[in-house]
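**Q** The structure follows.
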Amino acid sequence: LADVAMYQAKAEGRDGAHFYTPELNQRAQQRLQIETQLRHAVAAGELSLHYQPRMAVDGVGVMGMEALLRWHSAVLGPVGPDRFVPIAEETGLIVEIGNWVIDTACAQIAQWRAAGVPGMATEPGREGAQPLTVSVNLSAVQLSAPDLLERLAEALRQHAIPPGQLEIEITESTLMDHAEVHLRTLHAIRQLGIRLAIDDFGTGYSSLNYLNRFPIDLLKIDRSFVRDMLDDPRDLAIVKAIIGLGHTLDLRVVAEGVERELEAQALRAAGCDELQGYHYARPMPAPALADWLVGRTALTACTARTDRQPA
Ligand code: C2E
Ligand code: MG
Ligand code: MG
Ligand code: MG
């Protein structure tokens with residue numbers, strides 16, 4: 001246990017005298033267990049990606065989906081990304097895991113395109129339409145990895161995916177730490193044709209100067225504002241301000257964490273461009289997502305047909 005306590009002290013970057021309570025030891029042990037198990041999660045095939053659709057603001061059209069990491073450990077059972085991603089970041093394991101995510105998402109896009117999943121490839125007669133995008137989340141450590149660009153280019157090439165179909169989400173706080181350094185990486189990623197989104201927007205401290213210089217396509221309003229927006233006028237004001245700022249900078253604005261129709265209505269009225277949240281769909285495994293897309297297409301085709309019928 002002394003070792004675990006030491007580990008905890010190191011992991012949290014503290015030094016000096018400390019009193020280790022039993023709870024702290026338990027927490028440290030859990031952390032250590034997660035780290036130990038995470039070390040072989042990729043090799044053991046314990047990771048998977050779930051996909052959550054992102055809707056047009058009308059709540060009907062589908063714009064794309066976000067890939068979200070899931071871990072089912074043989075020893076620990078299911079562990080959520082909020083618990084293991086921070087540990088993966090601190091230990092550097094996120095680089096290997098993140099590379100797996102990039103490769104798996106690209107392989108999935110290729111598979112969906114080949115299988116003719118609706119919207120994944122440009123369809124005859126709809127040549128102008130942009131195929132659905134798949135976004136992956138990237139950590140700060142990955143953004144600084146020397147081989148990130150090669151990895152991305154290689155994944156696109158190997159799976160023969162139009163670069164514009166891949167999108168990368170980076171949190172506002174990640175970007176604004178060392179903004180100057182990240183600026184070059186972002187431009188290089190954008191040069192590959194990959195789209196860029198700022199995630200959890202509103203929770204960090206953006207420099208408007210950098211925001212203007214980053215080659216980004218999209219802002220994602222943090223879930224916390226959406227959650228409180230109907231009860232707290234200040235949150236609604238922030239949501240509106242983010243949408244205004246995004247549009248001024250020529251960016252699309254996405255709201256995450258939309259759980260209720262009333263929230264969707266308020267966001268629509270505020271001019272938001274896209275909506276993501278449980279109200280529309282939860283993150284789901286790849287086969288379920290493909291079925292969901294097929295089902296929606298049948299539904300919208302059906303609606304379109306009824307619309308055209310004489311009253
Ligand atoms: P995020 O990128 O902001 O992802 C959105 C989170 O909100 C996801 O949680 C999603 O399941 C959840 N969510 C979506 N709609 C709703 C809703 O209507 N209500 C509520 N309450 N939640 C909703 P998840 O999947 O647990 O992921 C948590 C975080 O873990 C992500 O936040 C992201 O920061 C990180 N993460 C997930 N996958 C990856 C990955 O592949 N790489 C990295 N670096 N981080 C990842
Ligand atoms: Mg995200
Ligand atoms: Mg987010
Ligand atoms: Mg988040």
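The values are calculated or read from the model by the stated rules, or taken from the named source; none is laboratory data. Predicted model only: the values in this text are computed from it and were never measured. Note that we place each Cβ from the backbone using ideal geometry, even for glycine, and neighbour counts take in every protein chain shown. Protein only, heavy atoms only, side chains kept; ligands, DNA and RNA dropped before computing areas. Shrake-Rupley method; radii C 1.70, N 1.55, O 1.52, S 1.80 Å.
**Q** Tally up the carbon and sulfur contribution to the accessible surface of the chain as a whole percent, 1.4 Å probe, everything protein left in place. List each step's numbers first, then the result.
**A** Details: 8440 of 15670 Å².
That share works out to 54 percent.
**Q** To continue, here is another question. What does the accessible area of Asp250 come to, in Å² to the nearest 10, when a probe of 1.4 Å is used?
**A** 140
**Q** Let me spell out the model: positive unit charges on the Cβ of Lys and Arg, negative unit charges on the Cβ of Asp and Glu, origin at the Cα centre of segment 190-311. What dipole size does that give, in debye rounded to 20?
**A** Working: 15 positive and 17 negative charges, 82 e Å.
The calculated dipole for segment 190-311 is roughly 400 debye.
**Q** Report the FRET efficiency, 1/(1 + (r/R0)^6), for Asp250 and Leu299, where r is their Cβ-Cβ distance and R0 is 41 Å, rounded to 0.05. Can you show the working numbers first?
**A** Numbers: r = 32 Å, r/R0 = 0.79.
Once the sixth-power term is evaluated, E becomes 0.80.
**Q** Compute, for the chain, the length of the dipole vector about the Cα centre, with Cβ point charges of +1 (Lys, Arg) and -1 (Asp, Glu) only. Units Debye, rounded to 20.
**A** Values: 28 positive and 40 negative charges, 124 e Å.
With only Lys, Arg, Asp and Glu charged at Cβ, the dipole is about 600 debye.
**Q** Do any trypsin sites (Lys or Arg not before Pro) in segment 65-130 lie in a DSSP loop with no more than 11 other beta carbon atoms within 10 Å, and if so, which? Could you put the intermediate results ahead of the total?
**A** Working: sites: Arg70, Arg83, Arg113, Arg126; in loops: Arg126.
Those that pass, being in a loop and sparsely packed, are Arg126.
**Q** Given the Cα-Cα distance of Ala74 and His187 and 0.36 nm per residue of separation, how much length would full extension add, in nm? Let's see the in-between values first.
**A** On the way: separation 113, 0.36 × 113 = 40.68 nm, distance 3.99 nm.
Gain on stretching Ala74 to His187: 36.7 nm.
**Q** Let me ask something additional. So what's the back-of-envelope 222 nm ellipticity for the chain, counting only DSSP H runs of four-plus at -39500 (n - 2.57) apiece and dividing by all residues, rounded to 500? Don't skip to the answer; put the middle values down first.
**A** Details: 13 runs with 156 residues, N = 311.
Calculated from helices alone, the mean residue ellipticity at 222 nm is -15500 deg cm²/dmol.
**Q** With r defined as the distance between the Cβ atoms of Asn212 and Arg234 and R0 fixed at 22 Å, what FRET efficiency is calculated, to the nearest 0.05?
**A** Details: r = 25 Å, r/R0 = 1.14.
Between Asn212 and Arg234 the formula returns 0.30.
**Q** Still on this structure, please answer the following. Quick check for me: using +1 on Lys/Arg Cβ and -1 on Asp/Glu Cβ, what's the dipole size of segment 111-257 about its Cα centre, in debye to the nearest 20?
**A** Details: 14 positive and 20 negative charges, 79 e Å.
Approximately 380 debye in magnitude.
**Q** Here is a further query. Any chance you could give the angle, 0 to 90 degrees and rounded to 10, that helix 179-191 forms with the longest Cα principal axis of the chain?
**A** 40
**Q** On average, how much accessible surface per residue is there in segment 156-216, in Å², for a 1.4 Å probe, leaving out ligands, DNA and RNA? Working shown, then result.
**A** Details: 2830 Å² over 61 residues.
Per residue, segment 156-216 has an accessible area of 46 Å².
**Q** On C-alpha positions alone, give me the angle between the axis of helix 148-159 and the longest principal axis of the chain, in degrees, nearest 10.
**A** Here the helix axis deviates by roughly 50 degrees.
**Q** State the answer as a single residue: which of Gly193, Leu293, His50 lies farthest towards the positive end of the charge dipole of the chain, with beta carbon charges of +1 for Lys and Arg and -1 for Asp and Glu, about the Cα centre.
**A** Toward the positive end, the furthest listed residue is Leu293.
**Q** Among Leu149, Gln130, Phe225, whose Cα projects farthest towards the positive end of the dipole of segment 126-250, with charges put on the beta-carbon of Lys, Arg (+1) and Asp, Glu (-1)?
**A** Gln130
**Q** Now a separate question. I want to make sure I understand the PRE zone here: with the label point 7 angstrom from the Cα of Ala114 toward its beta carbon, which residues in segment 134-164 have backbone N atoms less than 14 Å away?
**A** Residues 158-161 qualify, since their backbone N sits under 14 Å from the label point.
**Q** Chymotrypsin sites (Phe, Trp or Tyr not before Pro), restricted to segment 147-239: which are DSSP loop and have at most 11 other Cβ atoms within 10 Å?
**A** Details: sites: Phe201, Tyr205, Tyr210, Phe225; in loops: Tyr205.
Hits after loop and neighbour filter: Tyr205.
**Q** May I ask you to list the GluC sites (Glu not before Pro) in segment 249-304 that are in a DSSP loop and have at most 16 other Cβ atoms within 10 Å of their Cβ? Please report the intermediate quantities before stating the final value.
**A** On the way: sites: Glu256, Glu259, Glu261, Glu263, Glu274; in loops: Glu256, Glu259.
Loop-located and lightly packed - Glu259.
**Q** Let me ask something additional. What is the spin-label model distance, in nm, from Ala44 to Glu261 if the labels are put 7 Å beyond Cα along the C-beta direction?
**A** Once both label points are built, they end up 4.5 nm from each other.
**Q** Could you give the angle, 0 to 90 degrees to the nearest 10, between helix 93-115's Cα long axis and the longest principal axis of the Cα atoms of the chain?
**A** So the helix axis and the longest Cα principal axis differ by about 20 degrees.
**Q** Please identify, among Asp273, Asp177, Asp217, the residue showing maximal mean-square fluctuation in a Gaussian network model of the chain using a 10 angstrom Cα cutoff.
**A** Asp177
**Q** Using the Cα centre of the chain as origin and beta-carbon charges of +1 (Lys, Arg) and -1 (Asp, Glu), tell me which of Ile168, His247, Gly59 is placed farthest towards the positive end of the dipole.
**A** Result: Gly59, furthest along the dipole toward the positive end.
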